[in-house]
1. Compare the Cα positions of A:GLY145, A:GLN178, A:LEU310 along the charge dipole of chain A (+1 at Cβ of Lys, Arg; -1 at Cβ of Asp, Glu; about the Cα centre) and return the one farthest towards the positive end.
2. Each residue of the range A:366-380 in order: what ³J(HN,Hα) in whole Hz does its phi give by Karplus 6.51 cos²θ - 1.76 cosθ + 1.60, θ = phi - 60°, with x for Gly and Pro?
3. Taking R0 as 56 Å, what's the FRET efficiency between A:GLN84 and A:GLU300 from their Cβ-Cβ distance, rounded to 0.05?
4. Between the range A:302-340 and the range A:386-413, how many Å separate their Cα centres?
5. Would you mind working out the magnitude of the charge dipole of chain A relative to its Cα centre, with +1 at each Lys and Arg C-beta and -1 at each Asp and Glu C-beta, to the nearest 20 Debye?
6. For chain A, modelled as a GNM with alpha-carbon contacts under 10 angstrom, which of A:ASP358, A:ASP109, A:ASP76 fluctuates the most?
7. DSSP loop trypsin sites (Lys or Arg not before Pro) in the range A:72-156 with at most 13 other Cβ atoms within 10 Å of their Cβ, which ones?
8. 5 Å is the cut-off here: which amide hydrogens, built 1.01 Å from N in the peptide plane, fall below it relative to A:THR231, excluding neighbours closer than 5 in sequence?
Amino acid sequence: MLDPKLVRSEPERVAQKLAKRHFTLDINKVQALEEQRKSLQTRSETLQSEQNLRSKSIGKAKQAGEPIQPLLDEVDNLKQQKAQAEESLHQLQEELHQFLAGLPNMPDDEVPEGADENDNLEVACWGEIPRFSFTPKDHVALGEGLAGLDFKKAAVLARARFAVMQGPVARLHRALAQFMLDVHTNEHGYLETALPFMVNSDSLFGTGQLPKFEEDLFKIDGDRDLYLIPTAEVPATNLVRDSILKDEELPMRLVCHSPCFRSEAGSAGRDTRGMIRQHQFEKVELVQVVRPEESVAALEALTGHAESILQRLQLPYRKVALCGGDIGFAAAYTYDLEVWLPAQDCYREISSCSNTRDFQARRLKARWKNPETGKNELLHTLNGSGLAVGRTLVAVLENYQQEDGSVSVPDVLQPYMGGMTVIPARGQHD
RNA sequence: GGAGAGGUGUCCGAGUGGCUUAAGGAGCACGCCUGGAAAGCGUGUAUACGUUAAUAGCGUAUCGAGGGUUCGAAUCCCUCCCUCUCCGCCA
């Protein structure tokens, strides 16, 4: 959420910032709502104050044995007026809250201008794009050849956009997650954290999925107010909801391996083949909670941590800064990491690393006691994939494939595969 | 799922309708005292919102959450959440 005071006092400036992401702030609406809010709030608080004074004098009059009926009549009159004012006020506050809750974060000044993903700015490129002496297969064909990926069975068990993994491919998938967790905990200073895979609507509001993006989520049936998590960012970031952290608890760095569930409501027809876009996938998520002045540097570090996984796996990738039109709802600045997929002959997103500044923290009421000011101040939160495990599996299969349909195991994963160096194709025997 | 006990400020803890403006204590901060410290004494010590030039005043709200009764609710009523104990079930 944006700072209501800023939206109120400098709507033009906010509108200008939001224009970068092609969001139009209705300035007239802001001002109209604010004007009404102010007068209704003042009126209703004044009436309340009057009533409180009367009620106190009733207590005193009673003890002094004086008549209280005149006071009772006055209060009765005040209460009626107050009830009206309060009802209008509550309605208006609700409207104002909905309006503010629907405003996206302001992009940083450094965010590139642009309308969509085509305008994203490439800031780095790493690794050699592999040249194959044969036509590379895609991961679906490879997975079938390895007897390790079955999308038809998954559709029978559930529906489209699910996968069944078996044998060495399933183990490779597990190895990837283990490897990522080990690197982030042992070398990058993250605390391994296991979290609920279902969360309530307060949590989803805190990170910004609600109220605007409910159709992207799987909701648990019944009146329990639970949703399957779309990313571990939600439970992880909500660990600091409604809390005031001590200076020495910062910065907080968490790494969380979890399944992620997305309804992909708006993506019918996109990436229907294979496991690029699934209803369920696993991800190793990095979350940082930091002092405000640290967040810009923290995003560079966090993105570097994600990049380090790609580098150790020797997977070619590029790093892009998302443009204003492509940046997510809660983000002030985002780097996407895109891995090279030979069969698609292009780079595909495998990680998205964002600094949300105080946007989530304000929704979460996540604060720290700033020792310099002695005040409770909003924190900054960041998150990034380190990495999406399913897509990393796809990238390994496609980039490490050999002409006979087997797939060699990246060096760093071999210890996690019991020393296996090659996953043989179906029917092959060493 | 059943029965019972609870949830008060940074912490402990009092408080069953109005001198509660949440007692008292601990902790913390500052001051006095001291050669220095401790003890002692004194003062202060929540958050959010509004108003405001203001981190000054003033107002409103907050005793797990939300409703209700009442002129007035930490206190009475209802619903829900959470914690603890016992029982049942289960991995």
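Derivation of every value follows stated rules applied to the coordinates shown; laboratory data play no part. Being a predicted model, the structure only gives us computed values, none of them experimental. Because the Cβ atoms are built from the backbone with ideal geometry, glycine has one as well, and the counts that use them run over all protein chains shown.
1. A:GLN178
2. Taking θ as phi minus 60°, the curve returns 9, 10, 9, 8, 6, x, 6, 9, x, 9, 7, 10, 5, 8, 10 Hz for the range A:366-380.
3. Plugging the Cβ-Cβ distance into 1/(1 + (r/R0)^6) gives 0.55.
4. 19 Å
5. It works out to roughly 860 debye.
6. Sorting by GNM fluctuation, first place goes to A:ASP76.
7. Those that pass, being in a loop and sparsely packed, are A:ARG131.
8. Correct list: A:PHE261.
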